[in-house]
Amino acid sequence: MNDVIETILNHRSIRSFVDEPLCSEQIKTIVRAAQMASTSSYIQAYTIIGVKNKTTKATLAELAGNQPYVEKNGHFFLFCADLHRHEVSGKIENVNVSKSLESTEKLLVSIVDASLAAQNATLAAESMGLGICYIGGIRNNIDKVAELLKLPSYVIPLFGLAVGVPEKDTEQKPRLPFDNIYHEEEYLQDETTYINHLDEYNKTVSAYYERRTKGKRSDRWTEQMADMLKEAKRTHMKTFLQNKGFMRD
């Protein structure tokens, strides 16, 4: 097993960081690594916004649901799906590209591009001994985040990435069983087998929480998912996306 694979398999979310800012070389390396991710048709449909200002980070932490690690970290990166530069490219070439930019397909492309870039950034950071935590909570108040960061049309904030020196090591959270994730030739349709996989995973997850919290929690994964999904959340997203120029076709 090589160092890259060991770094990937050692991943865990870090939510407590040493009070030590990343240096400019670390930030540049992480962003350059992000830029080398695969991109659909060379479109590079994302932008990364680095946030150092303490007041701005505190505001983002509040908007993200009062998550302290959004404010207290070595550096906060915000990943945006971005087709604004493509709108500008159309103007430069005197070509109307709005119908393409407003399609659901290009929304998907920009989200995938940004996600691939973010995972490259994560791997780079972790390979340098840093810890990371993805922050989807910035979509809780996505309109206010967009206003705070002055995002133009065709740019949407997808998630944040808190990066820094871990204050302490944490236990790795167990993932779904291999056979539940990986199917060959076609999707596994045997629901009994599928349920058996999840039953075994529930036991693993329950034991993990019981051990981590010294008996205060023992919830199962399917229990968590059902509770989380019983009501739709962030239902403002469609309106926000359309206001930013996306999903009009």
Residue by residue, what Karplus-based ³J(HN,Hα) values in Hz, rounded to whole numbers, does region 41-57 have, using 6.51, -1.76 and 1.60 with θ = phi - 60° and x for Gly and Pro? 6, 6, 6, 6, 8, 8, 9, 10, 10, x, 10, 10, 4, 5, 5, 5, 5
Sequence-distant lysines (8 or more away, or on other chains) whose Cα lies within less than 27 Å of LYS203: LYS168, LYS173, LYS214, LYS216, LYS230
Using a cut-off of under 18 Å, list every residue of region 134-152 whose amide N is near the label point 7 Å from the Cα of ARG217 along the Cα-to-beta-carbon line. 134-137
Whole-percent tail of the Cα-Cα distance distribution for region 120-249, cut at 20 Å, equals 67
Projected area averaged over all directions for the convex hull of the alpha carbon atoms of region 3-171, nm², comes out at 10.4
For labels at ASP199 and CYS23 in the simple 7 Å Cα→Cβ model, what's the distance in nm? 5.5
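Starting from the Cα-Cα distance between MET36 and SER153, subtract it from 0.36 nm times their residue separation and give me the gain in nm to one decimal. Please list the in-between numbers first.
Details: separation 117, 0.36 × 117 = 42.12 nm, distance 2.51 nm.
Length difference between fully extended and current span is 39.6 nm.
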Would you pull out the residues with amide H under 5 Å of TYR46's amide H, same chain only if 5 or more places away, H placed 1.01 Å from N? ASP82
A 30 angstrom limit on the alpha carbon distance is what I want to check against. Which of LYS72/LYS150; LYS54/LYS91; LYS52/LYS144 exceed it? LYS54/LYS91
Taking the Cα-to-Cβ direction at MET1 and at THR56 and moving 7 Å from each Cα, how far apart do the two end points lie in nm? 3.9
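All of the numbers you see were taken from the coordinates with simple rules; none came from a lab. What you see is a predicted model; the values in this text were computed from it and never measured. So basically every Cβ, Gly included, is an ideal-geometry build from the backbone, and we count neighbours across all protein chains shown.
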